[in-house]
Amino acid sequence: MSTSKYVPPVETFQSSMDLVFSDDEDDIDEQVPVALPTVSSVAETSIKGRNTPATLPRPGARASKTNALAALNTSVQKSATPAGSKADESDRASPAAASSTAATDSSSTTGPKTNPARRAAKLAKSPPLDFSTIRTHVPRFPNPLPRPKSRPTRIFGIPEAPVYHPSVEEFAHPMEYIEKIAVEAKEYGICKIVPPEGWRPPFALDSETFRFKTRLQQLNSMEASARASLNFLEQLYLFHRQQGNSGISIPTIGTKPVDMWKLKREVSNLGGYATVTNERKWTTVGKQMGYNVTVNTTVCSQLKTAYLKIVVPFEDYVKRVNLAGGVPPPDPTILNDDVPVLDELATKLNATPKASNGAESLATPGSDAGGSAGPVGGANDKVRTASDKLNEAIELDNKGAASVTKLAGLLPSRDVKKPAYDDTPGEVCEICTKDHDPHKIVLCDGCDRGYHLNCLSPPLQEVPTSQFFCDTCLFLNGADYGFDEGEEHSLHSFRRRADAFKRKWLQEHPMPLDKGKGRAMDIESAEDELDEQLAIEDHFEREFWRLVESQHETVEVEYGADVNSTKDGGGFPNLEVHPQDPYSRDGWNLNNLPILAGSLLRYIKSDISGMTIPWIYVGMVFSTFAWHKEDHYTYSINYHHWGDTKTWYGIPGADDEKLEAAMKLAAPELFDQQPDLMFQLVTLMSPGRLKKHGVRVVACDQRPNEFIITFPRGYHSGFNHGFNFNEAVNFALPGWLPTGLKCVNRYRDIKKNPVFSHDELLVTIAQYEKSPRNSRWLLPNYKEMVDRELVSRARIRRVLPNAEEDVDSTELDEEDYQCGTCRVLCFLSQIVVEVGEEYKISCLDHYSSLPEGTKHFRLRYSDDELKAMLAKVKARSDKAGRVSEGPIGFGDLGAGSTGRKRKTSSAAADPSAAEFASPSLAQRPKVIDDVSSDDSAAVAASLMGAHQSTTWATTSHPAAAAPVH
């Protein structure tokens, strides 16, 4: 077993943030560092927003495996190396050290500061985009484009998603057409729609004034199993350092460090350390780890020794915490495939300071469970204690001319036992709830709570010289993963950075010689040029998945994702700003599509940013969107305005549980930390691995002037090939209602905030959709809601006979009828308890979670009103069975389009036409102006002939030039 000769490979860290340009430079081939400002975020709006990926603007947020372990190693290296030593000089001169420093810096700020020139000066006014150099159009046929000759099969052997080419007549009715193709396309999860020739909406956004914030994405930190491995290794390392155990190091076998995470999972899968040892299964463990146990007969003993010294103490610690009522991390009992150990951890443990006896040890003081190691860190690295906190407060008080006596009077008296949650964190021990010996109360670096050294299990002999984490914070390590904030950009400044990074990447990572011509002189025709472009796209797709799964190559890119279009408007024209543009009324305009007749989201009473108001996405090469479903499992539609290709991956809704199972199989710990992990939009897994678990995956390349539709429950992900601009929004067809209800129940299970109330949506539809044929699809969903509600009310009346019941039809804010336990929006009824000046609210299932007090049973409608409403829907549905009408699912399909200020329908404006209790004007659904189907088709036809085909313009890289058609 070797522990000292192993030298890990040099880590590489590349970031697009290191390429800096100003808006007023014209030559993009020169990289001129220019100081950029720290600009505040775009002004927030009051419009309700959909759920978004976690973004971490705060310093110190852990962004990747490289950053995390490099950050952990920083204090050890600084303390072990005297200031001004030769080691410092060599480190400053070493390229490898510079790379490591870049990674380390990014863990303590919102991005690597390898280029200090991007810190603060004012952004010049942005020049307009030159659309003659940006791809704005591609041939309508063939679509999909043929595979490059050098790569006839897509990576992982993924089949193509279906592509649809509607006629002018079909294209005139968006909802009807989408419902028509959904019968086939939903089996793939995603599909592409290519508009008829000539349909070319202008790009309406002002590129000179538009600004957006980016998020930083480090590709290999988004892979599920790699992130789970990192979390376990960090927990393991922090535990041993905290406990002061000496002689701990990661062994190397065959010049490679042992993957401790995989070793833990293999042993757990076979029954644990005792079972594997007693039943002599270490040979099986070695084979599962990929070692040739026949050739190297010492492998099994090395693995056993490593497990006993490194993992078993941590397992015992977890058991003690569990017995004490804590929440330990889960045992990874399910087999995972091919997750190599992180070499940084081996380097860290191998490089730890020596104890007095010459043994390698971690730089922490000793404990009752291990040997003693003297303090290594400087005074600035010492863990704070309650005494330090008190002194800081006294110093602050002295600066304010207040007396120390007054401050002391505010502290709890000694030896008075009281609940820890009544005290300011860190003033008393969380275990014994006493405040004596404040110099021996060590504060957690995560939550700032305090613990007596001798109250810990096992107890510590002295205050650690480095970080200290309590059990909860140690086990939740990695649960706060999210994207760091990037910079604010104009389209011009972002394009310069995106193009430079893509060009630099192709120069440093060229295609294999046999996979592309690579020289302009070899391109003899437009066909050759197209094949060369497609070969480059295939190259980037393979590079993307290589980087996602790489353990030693960290690439950081920026993505302008989920940009609110409320302030600047989107890429489509709208009636407010462009009233004369015919495209501002077009049904495929994403400002209009969510509220077209046939889309149920038109009945949501308020605008929802990202669902009914489009979001903008500005991409660069390798920027990505992780596997996710849409909010409330709705449909989504994404339009590619211009720029480089966006590659999509999708699975059918029927396979959603298979994908989730595959993710949990690879990283069960992540799901235990975050039950709603798949709703966070931060986790990737390659289509190749998903296919091994029986998940059907398709792919689709989206280019300018093309739509992508995603279907309910279908997971999708993808990445960008370069600088591009997309826009997306949600909608819902009538057949979505049962799926939407399943999503609400899923949200309740994981306590996730819904975006809107599903029951309120049904009530609103019933109030305004009086067409008999529409009542046919509404009736079963409405009946389920009423039956469910009446059963729940009857149960509440039995268990809470003394609850004060009243009917209150007053319009409430959502927070006034949201359950405090499961977060569901209980629109039809709630249990309310008045506590002081506040009201505590629960749904009918979680009334027991409310505090003591008089319980009010608040109803929006009485039982009789609910039954009457259901009877009216049924009556209209019965009428549809007697009258021959059009297809189920749509009322007046001749609805035209509008801008964001949507007018109420004539029925909504006429109180006498309402069959139910009419809500106030502010609550009425937003619908669109009516135009006839013939007029809509005529407008569409005129638009088709209003534009001629233009060229498929060159991309940002000369070698990636596209053909002219």
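The values are calculated or read from the model by the stated rules, or taken from the named source; none is laboratory data. These numbers come from a predicted model, not from an experiment. A quick note on method: Cβ atoms are made from the backbone with ideal geometry, for glycine too, and the neighbour counts reach across all protein chains shown. Accessible surface is based on the protein model in full, side chains and every heavy atom, while ligands, DNA and RNA are left aside. Shrake-Rupley method; radii C 1.70, N 1.55, O 1.52, S 1.80 Å.
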List, please: which pairs have Cβ atoms under 8 Å, are six or more places apart or on different chains, and start with a residue in the range 543-565 that is among the polar types (S, T, N, Q) and end with one that is open to solvent by 20 Å² or more (accessible area, probe 1.4 Å) and not in a strand (DSSP E or B)? 551/340; 554/11; 564/42; 564/45; 564/47
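Here's a check for you: in the range 570-597, which residue that is in a loop (DSSP other than H, G, I, E, B) and among the polar types (S, T, N, Q) is nearest to residue 616 (Cα to Cα)?
Here the residue is 591.
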With respect to residue 213, determine if the residue is open to solvent by 10 Å² or more (accessible area, probe 1.4 Å) and of a type in the set (D, E, K, R). yes
Could you tell me which numbered condition residue 830 fails, if it satisfies all but one of (1) of a type in the set (S, T, N, Q); (2) more than 28 Å from residue 608 (Cα to Cα); (3) touching a strand residue (DSSP E or B) at 6+ places or on another chain (Cβ under 6 Å)? (2)
Filter the range 657-668 for residues that are open to solvent by 10 Å² or more (accessible area, probe 1.4 Å) and under 17 Å from the mean Cα position of the chain (by Cα) and give the result. 660, 664
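Conditions (1) touching a residue at least 40 places away in the same chain (Cβ under 8 Å); (2) out of contact with any Lys or Arg (no Cβ under 7 Å at 6 or more places or on another chain); (3) among the small types (Gly, Ala, Ser), marked per residue:
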residue	(1), (2), (3)
570	yes, yes, yes
573	yes, yes, no
578	yes, yes, no
601	yes, yes, no
611	yes, no, no
615	yes, yes, no
Counting only residues that are out of contact with any helix residue (DSSP H, G or I) (no Cβ under 9 Å at 6 or more places or on another chain) and open to solvent by 60 Å² or more (accessible area, probe 1.4 Å), the range 131-151 contains a total of 4
Check every one of the strands (runs of 3 or more DSSP E) wholly within the range 416-491 and list those with 1 or more residues that are modelled with pLDDT of 75 or more and among the β-branched types (Val, Ile, Thr). 441-443
Please work out which one of (1) more than 26 Å from the chain's Cα centre (by Cα); (2) crowded, with 20+ Cβ neighbours inside 10 Å is the condition residue 234 fails and give its number. (1)
Among what's in the range 255-312 and is in contact with a helix residue (DSSP H, G or I) (Cβ under 7 Å, 6 or more places away or on another chain) and assigned to a loop (DSSP other than H, G, I, E, B), pick the residue that is farthest from residue 240 (Cα to Cα). 293
Going through the range 572-582 one residue at a time, which ones are crowded, with 23+ Cβ neighbours inside 10 Å and either out of contact with any Phe, Trp or Tyr (no Cβ under 6 Å at 6 or more places or on another chain) or under 20 Å from residue 736 (Cα atoms) (or both)? 572, 574
Please determine, by comparing only the residues of the range 535-560 that are at pLDDT below 90 and open to solvent by 10 Å² or more (accessible area, probe 1.4 Å), which one is nearest to the chain's Cα centre (by Cα). 549
